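The values are calculated or read from the model by the stated rules, or taken from the named source; none is laboratory data. Values in this document were obtained by computation on a predicted structure and should not be read as measured data. Using ideal geometry, Cβ is built from the backbone for each residue, glycine included, and neighbour counts are taken over all protein chains shown.
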Amino acid sequence: MKKSAILITYNEEDAITEAVGLCDSAGYTILHIIKQSFLKKPKYGISEGVLENLVELTERLQPNIIIFDEILKPSQNYNLASKLKREIFDREMLILEIFESRSSSAESKLQVKLAQLRYEMTRAKERVRLSSMGEQPGFMGIGKFEVDVYYNDIKHRMQTIRSKLEKAGKQRELHRQGRKRLGFKTISLAGYTSAGKTTLFNALTGETREESQELFTTLSTTTRRITIDQESFLISDTVGFISKLPAYMIDAFKSTLEELNYTDVVLVVIDISDSIFDLKKKFTSCIRTLSEIGVEMDRIVFVCNKSDLTSKERVYEKMEILGLVDNKKKIDISSKTGYNIDKLAILIKNITGSQKILKNKNDIGITYGH
Ligand SMILES: Nc1nc2c(ncn2[C@@H]2O[C@H](COP(=O)(O)OP(=O)(O)O)[C@@H](O)[C@H]2O)c(=O)[nH]1
Ligand SMILES: [Mg+2]
């Protein structure tokens, strides 16, 4: 069963699309979206009037949790939770949940745990501060002494994880070799949240996420087998890039992307309908991160998705701005209409070392594995 949520986000199209994408990645069905131009009101993040509406909606729709697309202070979280009688996830907690569900290697699990403790730590600090100032004595039933114990416990656990991480780093190579032994060539999808990775994954695998919801809840099953022109590949949907990622989460994020290091082809999915400003910003950050984790350029295919939303000329113009026009490993597609999906399959097949050059789309047959 998918968990349900009411989402509170900014009243801007990009923010809404991203927040919806994040909820989707974390496995929540959104029952209702509240859009606000300001989410940093001191007591509840939102105004009391909006809160009243939210209380009513929560009673009526009975969501499992409330997702708040901003960073909440412990006091705000507590205030909201006591009014709504629900667990409140702020933006960072939601992102951490996604990372947790997508971390597969021992190292990435530790990195995610570290980021989670860091999240706790900053909140513990506020608890200590509030109780020592006497402003909120016994905050959430915790006295000053207990807060100190709690804070020190987190610090201790973070140190333990750091030392485990040093050892885990050494095991990374072994893990990678293990994957290679599966004997399949592998394809991974990378790119920003809502660029269309999951839609492309579905277009290539011929399976819809809805049909196999349960299977999609763990990482191993975000991998599927597809056959392109009689050759089998494993294709994986990865955790997406996220705009405004807090600095302390970057290591956790990168380690969840580690899989890209032992993938034969990385499909960098670009939303070509984005503004030129966003395109450049996201593209640069994608390339920088991929090179930092060690993905070589010759394994990357730039997939300009959502070409159905803009004219052919405009797609070309944007590719030119990104410096992709002369790159042989780029393609404009639409995961929604299916445009050029067959050509993309040919491109993948050719890159992974087939001698036979497939010129005609009738030469190619994509069949679906399981
Ligand atoms: N018009 C159009 N919409 C698309 C296309 N690909 C994906 N989308 C939409 O973009 C949104 C985000 O897609 P999704 O696959 O969830 O993105 P992900 O976060 O990268 O996995 C969804 O509403 C999709 O229906 C496309 O080629 N054309
Ligand atoms: Mg997705």
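Can you name every residue in the range 173-192 that is at pLDDT below 90 and touching a helix residue (DSSP H, G or I) at 6+ places or on another chain (Cβ under 6 Å)?
R176, R179
Residues in the range 264-281 that are buried (at least 22 other Cβ atoms within 10 Å of the Cβ) and part of a loop (DSSP other than H, G, I, E, B): how many?
Residues in the range 264-281 being buried (at least 22 other Cβ atoms within 10 Å of the Cβ) and part of a loop (DSSP other than H, G, I, E, B): 1 in total.
Which one is modelled with the lowest pLDDT among residues in the range 218-248 that are assigned to a helix (DSSP H, G or I) and within 15 Å of ligand 1 (Cβ to nearest atom)?
L219
Looking at T222 and the list (1) away from ligand 2 (no atom under 14 Å from the Cβ); (2) touching a helix residue (DSSP H, G or I) at 6+ places or on another chain (Cβ under 8 Å), which single condition is not satisfied?
Among (1) away from ligand 2 (no atom under 14 Å from the Cβ); (2) touching a helix residue (DSSP H, G or I) at 6+ places or on another chain (Cβ under 8 Å), the lone unmet condition for T222 is (1).
For L72, indicate whether it is assigned to a helix (DSSP H, G or I) and not basic (K, R).
For L72, the condition - assigned to a helix (DSSP H, G or I) and not basic (K, R) - is not met.
Residues to consider are V325, V315, V303, V295; find the one that is more than 16 Å from ligand 1 (Cβ to nearest atom), in contact with a strand residue (DSSP E or B) (Cβ under 8 Å, 6 or more places away or on another chain) and not acidic (D, E).
Matching residue, one of V325, V315, V303, V295: V295.
In the range 32-59, which residue that is under 29 Å from S275 (Cα atoms) and not in a strand (DSSP E or B) is nearest to ligand 2 (Cβ to nearest atom)?
The qualifying residue nearest to ligand 2 (Cβ to nearest atom) is L39.
Whether any residue in the range 17-31 is assigned to a strand (DSSP E or B) and more than 16 Å from ligand 2 (Cβ to nearest atom) is what I want to check.
Yes, the conditions are met somewhere in the range 17-31.
Please go through the range 43-88 and pick out each residue that is closer than 12 Å to A5 by Cβ and in contact with an Asp or Glu (Cβ under 7 Å, 6 or more places away or on another chain).
Result: I65, F68.
Filtering the range 112-149 down to residues that are among the charged types (D, E, K, R) and modelled with pLDDT under 80, which residue is farthest from F99 (Cα to Cα)?
E135
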